[in-house]
1. Going by Cα centres, the range 91-106 and the range 128-149 are how many Å apart?
2. Which residues does the label zone of Glu196 cover in the range 141-173, counting backbone N under 13 Å from a point 7 Å along Cα→Cβ?
3. Net charge near His61, counting Lys/Arg +1 and Asp/Glu -1 over other residues with Cβ under 11 Å of its Cβ?
4. Can you tell me, using C-alpha contacts under 8 Å and at least 6 residues apart, the relative contact order of the range 2-207 as a whole percent?
5. Tell me, what ³J(HN,Hα) does each residue in the range 164-181 have, in order and in whole Hz, if you take phi through Karplus 6.51 cos²θ - 1.76 cosθ + 1.60 with θ = phi - 60° and put x for Gly and Pro?
6. Take Lys72, project a point 7 Å from its Cα along the Cβ direction, then tell me which residues of the range 94-128 have their backbone nitrogen under 11 Å from it.
7. Quick one: net charge around Glu126, please, counting Lys, Arg +1 and Asp, Glu -1 for every other residue with C-beta under 14 Å from its C-beta.
8. Nearest 20 debye, what's the magnitude of the dipole of the chain about its Cα centre given +1 on Lys and Arg Cβ and -1 on Asp and Glu Cβ?
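None of the figures in this text is laboratory data; all of them are computed from the coordinates on show. Note that this is a predicted model, so its numbers are computed, not measured. Here the Cβ positions follow ideal geometry from the backbone for every residue, glycine too, while neighbour counts run over all protein chains shown.
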Amino acid sequence: MKKLFFISIGILNLFIFSKTLAQEQDTLKASEWEYGVETDLYFTDPFIFLPIFTADKGKLHFEARYNYEDLKTASAWVGYNFFGGDEFEYFITPMVGGAFGRTNGIAPGLEFTLGYAGFELYSESEYLFDFESSENNFFYSWTDLTYSPIDWLWFGISGQRTRLYQTEVEIDRGVLLGAEYKNWQFTGYAFNLFTEDVFFMLALSTNF
């Protein structure tokens, strides 16, 4: 019954999304597709490779991930973009997705970026309802707060809560440093510095 309930929620969310997107059909036709690819490399034991692919057309958002919710687990998402602003810029995407593989479930999610005067707050989060047991339900979150003194350089702090790589702390906290070359972005992370749970991550991304 619980599985049927969560599946019904997912179907209802998808119906709401499809109805809303149908109303935006003319706008979407006038928009161009934009694609993004990101690869997160966790220098841990074991080494973890986490690819993310995104596709956006106007307010329509698609996303695919692997090794995000769990190792050997893929997930697919559909969302709706809200964006705008001048000095204060915002980009907000509520989503719904499904995970399949070693972990199977359905999840509502949210991604957003807020920017002002060189500062940027980025966050992605989801709550996964596991089909096998409610005890496996889990809240995932990733947040970066950065400052960019020049267009191609940024630094800041980061926090993540994930099941991908287990540590002794509830939230992994770290620092980051990033740079851009042409349409490529490189961001290095160091989490849990000066503890036994220290680990490093490198994020590579591009848009086209």
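1. Centre-to-centre distance over Cα atoms comes out at 10 Å.
2. Inside the label zone: 167-169.
3. So the surrounding residues net to -2.
4. 14 percent
5. 4, 10, 7, 10, 7, 9, 5, 10, 7, 10, x, 10, 9, 9, x, 8, 10, 10
6. 101-103, by backbone N distance to the label point.
7. Computed value for this residue: -3.
8. The calculation lands at about 680 debye.
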